[in-house]
Each structure stands twice: as structure tokens, then as C-alpha cells.
1. So the check is Cβ under 6 Å with 6+ separation or different chains; which pairs have a first residue in the stretch 117-134 that's in contact (Cβ under 8 Å) with a residue 40 or more places away in the chain and a second one that's charged (D, E, K, R)?
2. Can you confirm whether residue 128 is over 16 Å from the mean Cα position of the chain (by Cα), more than 18 Å from residue 208 (Cβ to Cβ) and part of a helix (DSSP H, G or I)?
3. Note down all Cβ pairs under 6 Å where the first residue falls in the stretch 203-215 and is under 14 Å from residue 173 (Cα atoms), the second is surrounded by 10 or more Cβ atoms within 10 Å (Cβ to Cβ), and they're at least six residues apart or on different chains.
4. For the stretch 132-176, name all the residues that are in contact with a strand residue (DSSP E or B) (Cβ under 8 Å, 6 or more places away or on another chain), among the acidic types (Asp, Glu) and part of a loop (DSSP other than H, G, I, E, B).
5. For residue 56, work out the one condition from (1) at pLDDT below 90; (2) closer than 30 Å to residue 129 by Cβ it doesn't fulfil.
6. For residues that are touching a residue at least 60 places away in the same chain (Cβ under 8 Å) and within 13 Å of the chain's Cα centre (by Cα), scanning just the stretch 180-194, find the one that is nearest to residue 74 (Cα to Cα).
7. Do we find that residue 181 is touching a Gly at 6+ places or on another chain (Cβ under 6 Å) and either of a type in the set (Phe, Trp, Tyr) or not in a loop (DSSP other than H, G, I, E, B) (or both) in this structure?
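The values are calculated or read from the model by the stated rules, or taken from the named source; none is laboratory data. All of these numbers come straight from a predicted model, not from anything done at the bench. Note: ideal-geometry Cβ built from the backbone for every residue, glycine included; neighbour counts use all protein chains shown.
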Amino acid sequence: MTLHVQAQDYQEHYSVEPESTGIIDQEQQYRANAYSLLAALLRSSPDSQILDRLSSLTQQVQGEGDSLRVSMSMLGLSSRTLTASAIQDEYHDLFIGLGKGEVVPYGSWYLTGFLMEKPLSELRDDLKQLGFERNESVTEPEDHAAALCEVVSLMITDDTDLNVQRKFFQTHMVNWMGRFFNDLSEAKSAIFYKALGRFGAEFISFENKYFSMQS
């Protein structure tokens, strides 16, 4: 399965050395694109240009179909039915709100009930060992769901060893991110982001199975 939309022109949280060779196969490009898409849509609301790209995800699914493919199609449909302005309001209610949004996109929150806790410290140690450096202009903690998706996208693009990817995913993502996406898919303030939540939950499940098959 190929994802034809790759979110572009988003601010990277990190830089990494050495630079990518840019040579990865189609399967890995799909994974990188999916993570990149999730990162972009979780970091900020999409503009009309990105919504136009997302609309190509709409597919005719016959029968029960594949759950990941169906969720991808629903995300494309949502991008066709809502305006960029409406999605921006939705994003604000979900993730910003008056003091705190309806959904909190941080690993420490899901794992401990508080922000800036031990899971963030452990994540920072691992990112440092992997060669990732935080951009000084970024104010969000590194355990933001968008930042973690971006890291894995960069790892795939840089052709990082699959065992290293697996360890990072199992240590810092699979233990909470599925719950986050499920919460997003049920959020009262969401329409577009309900669809993103379903896609994210299906993709995290897909990745967990993918890593299990590769071990």
C-alpha cells in the first residue's frame, strides 16, 4: 500500500547527523510518509494546500476492506468536507483550549498523569544517544506526539537500522500513543481530527505488528 501524500514545509523539531543518503525502498518510504503526515497534522492545523493533497487519500473501499486503508480513506474524505478555517478552530479546541485542550498529546501525561516527568527525561537521553539535537526555536517538549512521529520519519529516511527503530518505538511510543489516538478519535471537539485519530491508531497498530514480524 502506498501513501501518495507527503506533508511538506513543516518545521522540523530536530536535526540529525549524518545526513540521509535518501535511498530507501517503497515500503520504507510509505512508513516515512505516514509518520511525516501524522507529525505535520499534530503539530499544526493543515492549510488548504495540504487539505488538497489529503483529499487524494479518498478511495473506493469494497466490502470490509483493510482497516488501515479505510481509516486513510476517511481522513481523505474529512479533508474534502471541512475548510481549513474550521479545522484550525477544531485544532485549537482540541490541543490548546482555555488553559488545556481536550486531548493532551504528551507521552509523560499518558504514562504518569503529569507533564515533564521521567519518561521525558529518558526520551531526551535516548535522542541524544541517537544523535538528534533539539532546535532552539522549538518550545514543545520532545514527548509531543508530533515530535516522536517526526523522529521515526527521520530515522526511516536516514535508513537507521530496523532494530534501533523498533527499540525506540517500543520504548517511547507503543506504550501510550495508541491510547492517545483513540482518545483523539472520540474527542467531542473533533471532526477532522476524529478521522486522524482513527488513522493514527490503525497505523500505530500496523507498526507494532510490522516490528513483531521483523524480529
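1. 123/142; 123/143; 131/17
2. yes
3. 203/34; 204/177; 204/178; 206/68; 208/174; 211/166
4. 142, 143, 158
5. Result: residue 56 passes all but (2).
6. So the residue we want is 193.
7. In short, yes.
Conditions (1) more than 30 Å from residue 186 (Cα to Cα); (2) in contact with a Lys or Arg (Cβ under 6 Å, 6 or more places away or on another chain); (3) loosely packed, with under 12 Cβ neighbours inside 10 Å; (4) aliphatic (A, V, I, L, M), marked per residue:
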position: 102; (1), (2), (3), (4): no, no, no, no
position: 107; (1), (2), (3), (4): no, no, no, no
position: 113; (1), (2), (3), (4): no, no, yes, no
position: 116; (1), (2), (3), (4): no, no, no, yes
position: 123; (1), (2), (3), (4): no, no, no, yes
position: 128; (1), (2), (3), (4): yes, no, yes, no
position: 137; (1), (2), (3), (4): yes, no, yes, no
position: 143; (1), (2), (3), (4): no, no, no, no
